[in-house]
Amino acid sequence: VEKLGSNWVCAFPRFPNDMDAHYEQWKWWFEKHIPFMRDNIVCVGHSLGGVFLAAYLGRQTLPVHCAQLHLVAPVLSEGDFILPESLEHITEQVSRIYIYHSEDDAVVPISHSETYAHKLPGAEFVRFTDRGHFFSQSEFPELVARIIGE
């Protein structure tokens, strides 16, 4: 967070029941944060958080402009976290989309992100070989650089 600098306000909402997660509960919790969002928001979702953001933005319209969406090793579906058939609604309301995945991810196969890249043709797909599921990564300079526009 400190790498982003003082021009950024960061929120890390902890979603309910992450060990027994349900889409409608996460949707309710996410929508509690919408009144605090401002135009040009940047959304980052990792793993289940990635499919949540994609499913939500694929169906709903944020009342603020979303400048960037970053999906880090997103799953395609898990339980009741299911993507809509088309992700066109995401591209209509998000200016820039980035997908990050590592070939050595033992939790989510890279084919999931390849499917996202196919369904989101304007997205930039950043492929790694040695980051696993990004759990033990203390820094993510590629993500920070894209957020701040380097």
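Computed quantities for the displayed model
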read-out	value
In region 128-139, the residues that are surrounded by fewer than 18 Cβ atoms within 10 Å (Cβ to Cβ) and in a loop (DSSP other than H, G, I, E, B)	Thr129, Asp130, Gly132, His133, Phe135, Ser136, Gln137, Ser138, Glu139
Gly122, sole failed condition from (1) surrounded by 21 or more Cβ atoms within 10 Å (Cβ to Cβ); (2) touching a helix residue (DSSP H, G or I) at 6+ places or on another chain (Cβ under 7 Å)	(1)
Residues that are over 17 Å from Leu83 (Cβ atoms) and in a helix (DSSP H, G or I), drawn from region 24-67	Gln25, Trp28, Trp29, Glu31, Lys32, His33, Ile34, Pro35, Phe36
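Each row is one residue, and each column tells you yes or no for (1) assigned to a loop (DSSP other than H, G, I, E, B); (2) of a type outside the set (Val, Ile, Thr); (3) more than 21 Å from Val42 (Cβ to Cβ).
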position	(1), (2), (3)
Asp104	yes, yes, yes
Ser111	no, yes, yes
Gly122	yes, yes, no
Val126	no, no, no
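Taken together, the values in this text are just the output of simple stated rules run on the coordinates, not laboratory data. Given the structure is predicted, the values throughout are model-derived calculations rather than measurements. We place every Cβ from the backbone using ideal geometry, glycine too, and count neighbours over all the protein chains shown.
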